[in-house]
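This structure is in C-alpha cells; I'll ask about it shortly.
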Protein chains: 2
Amino acid sequence: MRNPILIELTRGALVESAHAGVVAVVRADGGLVAAAGDAAAPVFPRSAIKPLQALPFLETGAVERFGLGPAEIAVACASHSGTPRHVTVVEGLLAKAGLTPAALGCGVHEPFDAAVARDMIRRGERPTSLHHNCSGKHAAMLATAAHLGEPTDGYWHPDHPVQVRIRRVLEELTGCSLTSEVCGIDGCSVPNWAIPPAALARAFARFVSGTGLTPQRAGDCARIFEACTAHPDLVAGPGRFDTLVMQRLPGKVLVKTGAEGVYCGALRETGLGFALKIDDGAKRASEAVAAHIIARFHPEAQQAAPDAVLRNWRGLDVGRVRASLDLEAMLATCRVH
Amino acid sequence: MRNPILIELTRGALVESAHAGVVAVVRADGGLVAAAGDAAAPVFPRSAIKPLQALPFLETGAVERFGLGPAEIAVACASHSGTPRHVTVVEGLLAKAGLTPAALGCGVHEPFDAAVARDMIRRGERPTSLHHNCSGKHAAMLATAAHLGEPTDGYWHPDHPVQVRIRRVLEELTGCSLTSEVCGIDGCSVPNWAIPPAALARAFARFVSGTGLTPQRAGDCARIFEACTAHPDLVAGPGRFDTLVMQRLPGKVLVKTGAEGVYCGALRETGLGFALKIDDGAKRASEAVAAHIIARFHPEAQQAAPDAVLRNWRGLDVGRVRASLDLEAMLATCRVH
C-alpha cells in the first residue's frame with residue numbers, strides 16, 4: 001500500500017513536487033479521530049518522542065535530586081537551535097548533576113540557528129557537543145544515570161539501564177513491543193524503535209490527557225507538557241516552527257518535530273494526540289501537515305494574525321504549498337466527539 | 001498514476017524513507033531504452049537544462065564576438081558553488097561583454113561551497129549576485145543581449161528576445177510546444193517551461209550525438225559538451241556530485257542537476273540522454289538514481305576506486321541508500337542497441 005499524497009507544491013499552473021505520507025489523529029482510548037495512509041506500519045519516531053523519552057528523568061527522581069526545573073525539563077525534550085541560552089541551560093543541567101560536557105555522547109554539529117552559527121565563525125569559535133540539538137536529551141539521560149549510580153559511560157547503548165527504562169516507558173505508553181528487530185540507531189547515537197503512527201498518536205493523547213496512566217505518571221506528563229509550553233524557545237529556537245506554534249497557542253499544544261519527516265503533537269483542550277510521517281522524509285511537508293492539523297482544532301491560531309505561522313510561513317514566492325485533496329478530505333472528517 | 005519508488009533509505013532492518021519518481025533513458029531518434037514512471041508528464045527541468053539554454057549564447061555569435069572560451073561556456077551552464085574561481089570567470093565574462101555585475105537579475109545567496117561561505121563570514125564579506133549559482137547563465141544571457149544590441153534590462157522576462165530565443169531552441173530540441181500554460185518562474189527569476197522527461201532525455205541524446213541537428217547546431221552542442229567536461233569544477237564545484245562524476249569519466253558524460261530533484265545527462269559513447277525527476281524534489285534521491293544510471297553504462301566509474309563516487313559517497317552510517325526493486329528492474333532492461 002502506498003500512502004496518499006498529503007502536500008503539493010505548485011509552480012505556475014502545475015504541481016511541481018508532492019509529498020506522500022501517513023497521519024493519524026487519535027483519542028487517549030485509541031479511537032481514531034481521523035487518519036490517512038497506513039497508520040499501522042511502524043516508523044522511526046526519531047526526535048518527535050523526546051517528551052516521552054524524558055519521562056524517566058522525572059520518574060526516577062533525578063529532576064528533584066538535582067534541583068532541576070521547567071527550563072531543564074524543556075531542554076531535555078528539545079531539538080534545540082544551539083543558541084547561547086540553550087548551551088547555558090544544558091551546561092547547567094550537567095553541572096547540577098556533577099557532570100561535564102565531556103560525558104555527552106551525542107556528537108558535534110554547528111548550531112541550527114544560522115545567526116548563532118555565523119557569530120561563532122566570526123569569532124573563530126568551534127561548536128561543541130553542547131551545541132548539538134540533542135544535547136539536552138543526552139544531559140538528562142546522563143543525569144538520570146548519575147542519580148541512580150549507574151555508569152555514565154555507554155549510556156547510549158540499547159542495553160544500558162537508561163535506554164532500557166526509556167524503552168519500557170515507550171512500550172507502556174504505545175502498547176507496542178519494542179524488540180531489537182525494530183531498533184535503529186538515531187542520528188545522535190541512541191536507540192530509536194519503530195512504532196506505528198496510530199500508536200504514537202495514542203501515546204501523545206494519553207500523555208496530554210493522563211487517561212489510563214498512574215497518577216504519578218500523569219503528573220509527570222503534565223509537568224513535561226507545562227515545561228515545554230512555558231519554554232517553547234528552549235524546545236526548538238527563535239523562528240523555528242515548533243516554537244512559533246507553541247508561542248501562538250500558549251499552554252494549548254505541545255508539538256515536536258523529528259528527523260525524516262516525523263511530527264508528533266498533543267492537544268490539551270481536546271485531549272487528542274497526532275503523529276505523522278512523510279514517506280520521503282521532508283520537513284517542509286511534515287510541518288505543513290502539522291500546521292493543517294493544528295489549524296483544524298485551533299482555528300484561532302490562524303485568525304490571530306494575517307501572517308499566521310501556521311500557513312505559508314515558509315511559502316514559496318513562485319507557487320504555493322498546499323494540502324492535497326486527500327489531506328483536505330481527512331481534515332474534513334476530524335470531529336472531536 | 002503514481003510513479004514508482006526509485007530509492008529507499010534503510011535504518012536498522014527497516015526502510016525509513018523512500019523516494020518515488022520518473023526516469024527515462026532515450027536514444028536520439030526518440031526510442032526509449034528504459035523508463036520507469038510516467039515519462040510523458042511534463043516536469044519543470046529547472047537548472048538541469050542549462051547546457052541547452054546556453055545554445056543561443058554560441059549560436060548568435062556572442063561567444064566569438066567577445067573572445068570568450070571554454071571556461072565562460074562552462075560557467076554559463078553552471079549551478080556553481082560561488083568559489084573565487086567561479087566569481088572571477090563570471091565577472092570576466094561580463095567585463096569582456098562591456099557589462100558589470102550590476103546588470104545581473106539572478107538575486108543573491110551565499111556561496112553553495114560551505115568553506116567559501118565561512119571564509120566570507122570570517123572576513124566580514126557579504127555575498128553578491130556573482131556568488132549566485134546561476135550567475136554564469138545570467139551573464140551569458142546578458143552578453144547575448146549586448147551582442148545583439150537588445151536592452152539588457154528585463155532580460156529575464158518571458159517576452160524578452162533572450163528568453164524567446166531560448167524557448168525556440170528548447171522547442172526544437174525537445175519537439176514540445178512550450179506555451180505560457182506550462183511556464184513557471186525559476187528560482188533565479190527567468191522563465192522555465194515544463195517538459196516531459198522522455199522529451200528532455202531525447203534532447204540530451206540529440207545534444208550529445210548531433211542526430212537530427214544542423215551541422216552548426218551540432219557543432220555548438222559539441223563545443224558546450226567539451227567545455228563542460230573540460231571544466232567540471234566550473235559547472236558545479238569542489239566535492240559536488242556533478243563535478244565528481246565528470247572528473248571520474250573525463251570527456252564521456254555531461255551531467256547537470258536541477259532544483260526539486262531533476263537530473264539530466266548525456267552519454268557520449270552510447271549517444272544516449274537521460275532525464276529524471278524525483279516526485280518530492282529530493283536531491284539525495286536524484287543524485288542516487290543518476291549514479292545508478294551512469295554506473296549501468298560506465299561500470300568503469302565504480303571499478304576505478306573502492307570509494308567510488310557513484311555509490312554511497314553521501315551514504316548514512318546507520319543505514320543505506322539503495323535502489324528499489326523497480327529501479328533495479330528498470331536498470332536491468334537497459335540495452336544500448
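The values are calculated or read from the model by the stated rules, or taken from the named source; none is laboratory data. As the structure is a computational prediction, the values presented were derived from the model and not from experiment. A quick note on method: Cβ atoms are made from the backbone with ideal geometry, for glycine too, and the neighbour counts reach across all protein chains shown. The protein model used for the area step is the full one, side chains on, heavy atoms only, and it has no ligands, DNA or RNA in it. Shrake-Rupley method; radii C 1.70, N 1.55, O 1.52, S 1.80 Å.
Based on C-alpha coordinates, I'd like the Rg and Dmax of the stretch B:1-131, in Å.
20.2, 60
Springs between alpha-carbon atoms under 10 Å, Gaussian network over chain B: tell me which of B:Val262, B:Val318, B:Val162 tops the mean-square fluctuations.
B:Val318
Something else now. If a paramagnetic tag sat 7 Å from the Cα of B:His109 along the Cα-Cβ line, which residues of the stretch B:144-162 would have the backbone N under 20 Å from that point?
Only B:156-157 fall inside the zone, counting backbone N under 20 Å.
Going out from 0 in 20 Å bins, what whole percent of all Cα-Cα distances in the protein assembly as shown drops into each bin?
Going from the shortest bin to the longest, the percentages are 18, 47, 30, 6, 0.
Modelled label-to-label distance, A:Gln216 and B:Asp119, 7 Å Cα→beta-carbon offset: nm?
Inter-label distance under the simple model: 6.0 nm.
Here's another thing I want to ask about it. Give the A-B buried accessible area in Å², both sides summed, 1.4 Å probe, nearest 100.
2600 Å²
Related question: Considering only the other residues whose Cβ falls under 12 Å of the Cβ of B:Cys188, what net charge follows from Lys and Arg at +1 and Asp and Glu at -1?
Here the count lands on +2.
Here's a follow-up. Pop a pseudo-label 7 angstrom from the Cα along the beta-carbon direction at both B:Val318 and A:Glu226 and give the gap in nm to one decimal.
That separation, rounded to one decimal, is 3.3 nm.
Still on this structure: Evaluate 2.2 N^0.38 Å with N set to the residue count of the stretch B:206-282, then give the Cα radius of gyration divided by it. Kindly include the intermediate steps, with their values, before the conclusion.
Working: Rg = 12.9 Å, N = 77, 2.2 N^0.38 = 11.5 Å.
Cα-based Rg divided by the globular estimate yields 1.13.
What is the stretch B:146-288's relative contact order, in percent, from Cα pairs under 8 angstrom and six or more apart in sequence?
18 percent
Now for a different question. When the accessible area of each residue in the stretch A:27-46 is compared between its chain alone and the complete protein assembly (1.4 Å probe; ligands, DNA and RNA ignored), which residues differ by at least 40 Å², being lower in the assembly?
Hits at the 40 Å² cut-off: A:Phe44.
Moving on. Calculate the all-directions average of the projected area of the stretch A:61-188's alpha-carbon convex hull, and give it in nm². Write out the running numbers ahead of the final one.
Working: hull surface 33.0 nm².
Average of the hull's projected areas for the stretch A:61-188 equals 8.2 nm².
Using θ = phi - 60° and the Karplus curve 6.51 cos²θ - 1.76 cosθ + 1.60, what whole-Hz ³J(HN,Hα) does each residue of the stretch A:60-76 get, with Gly and Pro shown as x?
7, x, 4, 4, 5, 3, 9, x, 8, x, x, 5, 5, 5, 4, 6, 5
Put +1 on the Cβ of every Lys and Arg and -1 on every Asp and Glu Cβ in the stretch A:1-143; which of A:Ala36, A:Ser79, A:His109 then has its Cα farthest towards the positive end of the dipole?
It is A:His109, whose Cα lies furthest towards the positive end.
Got a sec? What order do A:Phe112, B:Phe274, A:Phe66 fall in by accessible area at 1.4 Å, biggest, i.e. largest, first? Don't skip to the end; give the middle numbers.
Details: A:Phe112 105, B:Phe274 0, A:Phe66 30 Å².
Descending order: A:Phe112, A:Phe66, B:Phe274.
Sum up the charges of everything whose Cβ sits under 10 Å from the Cβ of B:Gly30, counting Lys and Arg as +1 and Asp and Glu as -1, but leave B:Gly30 out.
It works out to a net charge of +2.
Further question: Starting at 0 and stepping by 5 Å, how many percent of the alpha carbon pairs of the stretch B:99-166 end up in each bin?
Each 5 Å bin holds this share of Cα pairs: 3, 18, 24, 18, 14, 9, 8, 5, 1.
While we're here: Between A:Val15, A:Val245, A:Val90, find the one with the highest GNM mean-square fluctuation for chain A; connect C-alpha pairs within less than 10 Å.
In this elastic network of chain A, the residue with the biggest mean-square fluctuation among A:Val15, A:Val245, A:Val90 is A:Val15.
Between copies, how far apart are the B:Glu171 label points? List them in nm, one decimal, shortest first, with each point 7 Å from Cα toward Cβ, please?
Computed spacing set for this position: 6.8 nm.
Could you give, in nm with one decimal, how far A:His157 is from each other copy of that position, shortest first, with labels 7 Å out from Cα toward Cβ?
7.0
Rounded to the nearest 20 Debye, what is the dipole magnitude of the stretch A:192-278 about its Cα centre when Lys and Arg each give +1 and Asp and Glu each give -1 at the C-beta?
The dipole magnitude comes to about 160 debye.
Explain nothing, just the number: dipole magnitude of the stretch B:157-301 about its Cα centre with +1 on each Lys and Arg Cβ and -1 on each Asp and Glu Cβ, in debye rounded to the nearest 20. Walk me through the numbers on the way to the answer.
On the way: 16 positive and 15 negative charges, 65 e Å.
That gives a dipole near 320 debye.
How big is the charge dipole of the protein assembly as shown about its Cα centre, in debye rounded to the nearest 20, if each Lys and Arg gets +1 on its Cβ and each Asp and Glu gets -1 on its Cβ? Walk me through the intermediate numbers first.
Details: 68 positive and 66 negative charges, 22 e Å.
Here the size comes out at about 100 debye.
Long-range amide H contacts for A:Leu178: which residues qualify at under 5 Å (H placed 1.01 Å from N, peptide plane, sequence gap of 5 or more or a different chain)?
none
Still on this structure, I have one more. For the stretch B:156-261, what does the accessible surface come to per residue with a 1.4 Å probe? Please give it in Å².
33 Å²
Considering only protein heavy atoms and a 1.4 Å probe, what is the carbon-and-sulfur percentage of the accessible area of the protein assembly as shown?
53 percent
Take every Cα pair under 8 Å in chain B that's 6+ residues apart, average their separations, divide by the length, and report that relative contact order as a whole percent.
26 percent
While we're here: Taking θ as phi - 60°, what are the ³J(HN,Hα) couplings along the stretch B:162-174 by the Karplus curve (6.51, -1.76, 1.60), each to the nearest whole Hz, with x for Gly and Pro?
4, 6, 4, 4, 5, 4, 5, 4, 5, 5, 5, 6, 9
Follow-up. If the label for A:Leu325 sits 7 angstrom from Cα along the Cα-to-Cβ line, what are its distances to the same label in every other copy, in nm to one decimal, shortest first?
3.0
Here's something else I'd like to know. Per residue Cα convex hull volume for the stretch B:165-245, in cubic angstrom?
Values: hull volume 9.7 nm³, N = 81.
Taking the convex hull of the Cα positions in the stretch B:165-245, it is 119 Å³ per residue.
Looking at the calculated P(r) for the stretch B:125-212, what percent of the C-alpha pair distances fall above 22 Å?
Working: 1418 of 3828 pairs.
Beyond 22 Å sits 37 percent of the P(r) for the stretch B:125-212.
Helix A:84-96: angle to the longest alpha-carbon principal axis of chain A, degrees 0 to 90, nearest 10?
40 degrees
Tell me the mean residue ellipticity at 222 nm calculated for chain A from its helices only (DSSP H runs of n ≥ 4, each -39500 (n - 2.57), averaged over every residue, nearest 500). Walk me through the numbers on the way to the answer.
On the way: 15 runs with 137 residues, N = 337.
After summing the helix terms and dividing by the residues of chain A, the value is -11500 deg cm²/dmol.
Sticking with this structure for a sec: Between A:Asp29 and A:Glu181, what's the calculated FRET efficiency when r is the beta-carbon distance and R0 is 25 Å? Round to 0.05.
It comes out at approximately 0.35.
Size of the stretch B:58-110 along its principal axes in angstrom, Cα-based, largest extent first?
Reported extents, whole Å, longest axis first: 32, 21, 17.
Under the rule of at least 5 residues apart or a separate chain, name every residue whose amide H is placed under 5 Å from the amide H of A:Ala34.
Amide H neighbours of A:Ala34, under 5 Å, 5+ apart: A:Val25.
Hey, another quick one. Express in whole angstrom the spacing between the alpha-carbon centres of the stretch B:1-79 and the stretch A:36-103.
44 Å
Now for a separate question. In terms of solvent-accessible area of protein heavy atoms at a 1.4 angstrom probe, what is the ranking of B:Met141, A:Met1, highest value first?
A:Met1, B:Met141
Restricted to Cα positions, what overall size does chain A have along the principal axes? Three whole-Å values, descending.
Taking the Cα atoms of chain A, the three principal extents are 59, 51, 37 Å.
Still on this structure: For B:Trp156, tell me the accessible area in Å² from a 1.4 Å probe, rounded to the nearest 10.
Using a 1.4 Å probe on the heavy atoms, I get roughly 90 Å².
Let me ask something else. Any idea how far apart A:Arg126 and A:Ala13 come out in nm if each label point goes 7 Å out from Cα toward Cβ?
5.6 nm
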